[in-house]
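Heads up: the structure comes next, in structure tokens.
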Amino acid sequence: MTRRWPDLTTLELLVGIDDHGSLSAASRLAHIAQPNASRAVKALERQLGMPLIHRKSTGATLTPQGTVIVHWARRVLANSRQLLDVAEGMRTERSAELTVCASMTVAEHLIPAWLGVFRSLHPGVTVHLQVYNSTRVLEAVEVGMCDLGFVECPRGPCSSA
């Protein structure tokens, strides 16, 4: 017997036989033509060197060896699904983002240099800059519209008095 990885679709077929009691039902659920599904299961039986299912005119059942293989197949398939989920998450994951609000004076005179330094240190972060008057910047920070706010008040929060 050669050491090759079993085909995941064939493992799904075995699980389907266990769950639904027939190769034809399992092949329909796997979207595989029944003759192709039958050939795939036979090939796995040859690969593993043991019978996995009892074929009957009323359906199919697992052999004792097939029951053990299906137990492990369920684990392999669950882990394979997790692998695909993780890969999907990594593929669709967006880069880090930072929303900065700045008062007009700060945005005009200071932010360009600050952003240049920030981008050289953190090239993977997308920065969104929003420019408002100082009072609006403080409100935006307070309600969570931005992650960071800059205003030109010399001490504490700016007041209108």
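The values are calculated or read from the model by the stated rules, or taken from the named source; none is laboratory data. On a predicted model such as this, the values are computed, not experimentally measured, just so you know. Backbone-built Cβ (ideal geometry, glycine too); neighbour counts: all protein chains shown. Heavy atoms of the whole protein, side chains included, go into the accessibility calculation; ligands, DNA and RNA do not. Shrake-Rupley method; radii C 1.70, N 1.55, O 1.52, S 1.80 Å.
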What is the distance in Å between the Cα centroid of region 99-144 and that of region 58-75?
61 Å
Please report, as a whole percent, how much of the solvent-accessible surface of region 37-77 comes from carbon and sulfur atoms (probe radius 1.4 Å).
62 percent
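Would you compute, from DSSP H runs of 4+ residues alone, the mean residue ellipticity of the chain at 222 nm, taking -39500 (n - 2.57) per run and dividing by the full residue count, rounded to the nearest 500?
Details: 7 runs with 91 residues, N = 161.
About -18000 deg cm²/dmol.
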Could you list, bin by bin from short to long, the percent of Cα-Cα pairs of region 1-76 in 5 Å steps?
3, 18, 32, 30, 14, 4, 0
Given charges at Cβ of Lys, Arg, Asp, Glu: the chain dipole, positive-most of GLY144, GLY49, SER22:
GLY49
Size of electric dipole in the chain: Cβ of Lys, Arg +1 and of Asp, Glu -1, about Cα centre, debye, nearest 20
1200 debye
When DSSP assigns beta bridges and you keep just the ones with both residues in the chain, what percent turn out antiparallel, to the nearest 5?
30 percent
Give me P(r) over the chain, computed from all C-alpha to C-alpha distances, binned every 5 Å, as integer percentages.
2, 8, 13, 13, 9, 6, 4, 3, 3, 4, 6, 7, 8, 7, 5, 3, 1, 0, 0
Once the dipole of the chain is set up from charges on Cβ (+1 Lys and Arg, -1 Asp and Glu), the residue from the list LEU8, CYS153, SER120 lying farthest towards its positive end is LEU8
Return one whole number: the accessible area per residue of the chain in Å², for a 1.4 Å probe.
69 Å²
